[in-house]
1. Here is a check on your reading of the model: is Tyr385 surrounded by fewer than 19 Cβ atoms within 10 Å (Cβ to Cβ) and at pLDDT 95 or above?
2. So for segment 526-533 (the condition being more than 20 Å from Asn390 (Cα to Cα) and either open to solvent by less than 10 Å² (accessible area, probe 1.4 Å) or within 16 Å of the ligand (Cβ to nearest atom) (or both)), does at least one residue qualify?
3. How do the strands (runs of 3 or more DSSP E) wholly within segment 496-614 filter down when requiring 2 or more residues that are β-branched (Val, Ile, Thr): which remain?
4. Does Tyr437 satisfy the criteria of being more than 24 Å from Pro509 (Cα to Cα), at pLDDT 95 or above, within 16 Å of the ligand (Cβ to nearest atom) and surrounded by 16 or more Cβ atoms within 10 Å (Cβ to Cβ)?
5. From the list Leu354, Leu314, which one is open to solvent by 10 Å² or more (accessible area, probe 1.4 Å) and under 30 Å from Gly548 (Cα atoms)?
6. Within segment 327-348, is even one residue free of Cβ contacts under 8 Å to residues at least 60 places away in the same chain, open to solvent by 50 Å² or more (accessible area, probe 1.4 Å) and either among the β-branched types (Val, Ile, Thr) or under 30 Å from Glu59 (Cα atoms) (or both)?
7. With Ala192, Ala126 as the choices, which residue is among the hydrophobic types (A, V, I, L, M, F, W, C) and either surrounded by fewer than 18 Cβ atoms within 10 Å (Cβ to Cβ) or within 23 Å of Gly215 (Cα to Cα) (or both)?
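The values are calculated or read from the model by the stated rules, or taken from the named source; none is laboratory data. Since the structure is predicted, the reported quantities are computational estimates derived from the model, not experimental observations. Note that each Cβ is placed from the backbone with ideal geometry, even for glycine, and that neighbours are counted across all protein chains shown. These accessible areas exclude ligands, DNA and RNA; they are computed on the full protein's heavy atoms, side chains included. Shrake-Rupley method; radii C 1.70, N 1.55, O 1.52, S 1.80 Å.
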Amino acid sequence: MHQIPWKEQVMGTSCDQRALVLGVLIVCCVLFRCSATLWETNALLVVNASHTSTRKIPEKLFGVFFEEINHAGAGGLWSELVNNRGFESGGQHSPSNIDPWTVIGNYSLLRVSTDFSSCFKRNPMALRMEVLCDNDGPNICPVGGVGIFNPGYFGMNIEQGKSYNLVLYIRSLGSINVSVSLIDHSGTRTLATTNIIASDVSNWTKMEVKLEANGSDSRSQLLLRTNKKGVIWFDQVSLMPMDTYKGHGFRKDLYKMVADLKPGFIRFPGGCFVEGEFLRNAFRWKETVGPWEERPGHFGDVWFYWTDDGLGYLEFLQLAEDLGASPIWVVNSGISHQESVEPNNLMPFVQEALDSIEFARGDRNSTWGSVRAAMGHPEPFELKYVAIGNEDCWKPYYIQQTYPAFYNAIKKAYPDIKIISNCDGSDTPLDHPADLYDFHLYQNPSDMFSMADIFDPTSRVGPKAFVSEYAATGKDAGQGNLLAALGEAGFLIGLERNSDIVEMASYAPLFVNDFDRRWNPDAIVFTTSEAYGTPSYWMQHFFAESNGATLLKSTLQANSSSSLEASAIVFQNPVDKANYLRIKVVNFGSSTVSLKIVIDGLDPNLLGTSGWKTILSSANVTDENSFEQPKKVSPVKSLLEKTGTNMDVVLLPHSLTSFDVLTKSDITQITVDDNWYVSSM
Ligand code: AHR
């Protein structure tokens, strides 16, 4: 038996006491209990709860990354129901494509076209509708009238009893009588209707009406119809549910799912979305601020869809504030997938970034702070982090000219802003100044799990890592299955352990609209009316309490065939203010594991006599959640009996388990010693 190669998987070396415990365990096991199979699966976790073995985990270690991908925002978190509200999506050329707006009626009844008659300078396109039929005479309009309809983003979710605010801009040389209605997807049921009647709209006029739904359908459409002859122009047609998070425009169920993760930060708005395939289609923040009617919108040419930019720069900052999460603003660095701006032409891009910081943080009397104030947010936002581009490190000019130009200008104007470089410093130290470096990791589940130790050898000096995108992907991950979540859980345990040099981490992507899967897997899947979390979403719940918690040194000893990762933290529940010791263990293998947990350096009387056990597992490792079974793979909580400084627990095959034990007081006095991990290796 002594030949079995024990592998020390987690932190540090065992002290004599631990070696003794393990020795006794082995002897007992051999003499009394273990069959060959059990022997292979037994493991020992020693948690050192003594004051000298603790380290504070960064307050924002785990957060979220929001990218406008998969219709995450437009047709997702952002509640606007009209798609292409300004008729700009076909491009600012006339005739333009008004998709997804569609004409109701034929060419003998009406002619629909586009022209440049809008009253908004930045989005000049308007829709012109010439109605040829009338309510009497030779060309009588069909029942219900003629006009246009908008199907929203794969349908509009209209709910009985709820109110919807319709705004539109209208112009006509004669009087108008336009019926506005919401109908179900089959076109048979009217869910809400009203009429806009006016005698003089010869100048563009803003109309606002409230629609109260008397029925429900998750794939409704908005219809604008008339049976009165004449010419009508429409522009900037918006339909917003009145019921959004704090009235801030965020779809409530999706917002809640993000908030439940208790994110320490939110990185936005991309990803590749920030860069664009070409710079002309990149995210330009200035075009996303100010009154919504005046935003031109843009075509995101990486993920291939139009967004009206209702969810603009201010709304992202507002989202961060609502979530209590630090905003991490990714600026376009003058680099797209296909282009890099020449260093001599870079200054306007740098100025754009400086202006964006002034918009977020500037005094309400400053040039850009005043725009923010006019949008209803006079107080500055707490913007402390700026990332210079996305995945741009190896693009032309980035290291030598682009990054330094941004870094120097931002640091000069805002010395406290932490700047994030796109270059990976985990292996070799960066050759340029930075506060953090961006690190992206997409791997198959098994490699993801084995990368738990990827930061173990990283230098403890220099900029810290921001793992802003991680996910298990590929065939084995399916569309987000249990195996993927377990691979990621193992990786995150490694990040907790290395949180002296890993400052922040977020899963990618956060959202997918089930009607437009551009990237797979994702954390939250939704339609117009429903949403569920993938196992990766639920896995992140196990780490929500880690932000700002105290990490305890722990040592996992198991035989070489085992696939375990474990960590231990102490945290205070903000609700009941009670302190808990949480031990998390991932069993990535397919065997049941008998685990002995020994808590060293702790008076047993300080531990409660019971606690909670929470398991994420399922019958098959390929199991996924779905709209039919949204919680097939989700945490299951049960009472943990017989807690103490020695606990025998069983880990299911392919599982993530957390053991939470109430502690009678704060069992740790935090000693800041960021070097204990390295020094003990
Ligand atoms: O998360 C999806 C994409 O993956 C991001 O846009 C990009 O940064 C990465 O390549």
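1. Considered against the rule, which asks whether it is surrounded by fewer than 19 Cβ atoms within 10 Å (Cβ to Cβ) and at pLDDT 95 or above, Tyr385 comes out as no.
2. In the first step, residues of segment 526-533 are kept if they are more than 20 Å from Asn390 (Cα to Cα); the result is 526-533.
Still in the running and either open to solvent by less than 10 Å² (accessible area, probe 1.4 Å) or within 16 Å of the ligand (Cβ to nearest atom) (or both): 526, 533.
Checking segment 526-533: at least one residue is more than 20 Å from Asn390 (Cα to Cα) and either open to solvent by less than 10 Å² (accessible area, probe 1.4 Å) or within 16 Å of the ligand (Cβ to nearest atom) (or both).
3. Numbers: elements: 502-507, 511-513, 524-526, 531-533, 550-559, 564-572, 579-587, 593-600.
Once the strands (runs of 3 or more DSSP E) in segment 496-614 are filtered for at least 2 residues that are β-branched (Val, Ile, Thr), what remains is 524-526, 550-559, 564-572, 579-587, 593-600.
4. Values: more than 24 Å from Pro509 (Cα to Cα): no; at pLDDT 95 or above: yes; within 16 Å of the ligand (Cβ to nearest atom): yes; surrounded by 16 or more Cβ atoms within 10 Å (Cβ to Cβ): yes.
Spelling it out, it is not the case that Tyr437 is more than 24 Å from Pro509 (Cα to Cα), at pLDDT 95 or above, within 16 Å of the ligand (Cβ to nearest atom) and surrounded by 16 or more Cβ atoms within 10 Å (Cβ to Cβ).
5. Working: Leu354 fails: under 30 Å from Gly548 (Cα atoms).
Checking each option against the conditions leaves just Leu314.
6. So the first thing to find is which residues in segment 327-348 are free of Cβ contacts under 8 Å to residues at least 60 places away in the same chain, and the list is 332, 342, 344-348.
Narrowing the set further to residues that are open to solvent by 50 Å² or more (accessible area, probe 1.4 Å) leaves 342, 344-345, 347-348.
Narrowing the set further to residues that are either among the β-branched types (Val, Ile, Thr) or under 30 Å from Glu59 (Cα atoms) (or both) leaves none.
Scanning segment 327-348 turns up no residue that is free of Cβ contacts under 8 Å to residues at least 60 places away in the same chain, open to solvent by 50 Å² or more (accessible area, probe 1.4 Å) and either among the β-branched types (Val, Ile, Thr) or under 30 Å from Glu59 (Cα atoms) (or both).
7. Working: Ala126 fails: either surrounded by fewer than 18 Cβ atoms within 10 Å (Cβ to Cβ) or within 23 Å of Gly215 (Cα to Cα) (or both).
Sole residue among the options that is among the hydrophobic types (A, V, I, L, M, F, W, C) and either surrounded by fewer than 18 Cβ atoms within 10 Å (Cβ to Cβ) or within 23 Å of Gly215 (Cα to Cα) (or both): Ala192.
Each row is one residue, and each column tells you yes or no for (1) open to solvent by 10 Å² or more (accessible area, probe 1.4 Å); (2) under 39 Å from the mean Cα position of the chain (by Cα); (3) over 20 Å from Ser117 (Cα atoms).
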{"position": "Asn214", "(1), (2), (3)": "yes, yes, yes"}
{"position": "Asp217", "(1), (2), (3)": "yes, yes, yes"}
{"position": "Leu224", "(1), (2), (3)": "no, yes, no"}
{"position": "Lys228", "(1), (2), (3)": "yes, no, yes"}
{"position": "Met240", "(1), (2), (3)": "yes, yes, yes"}
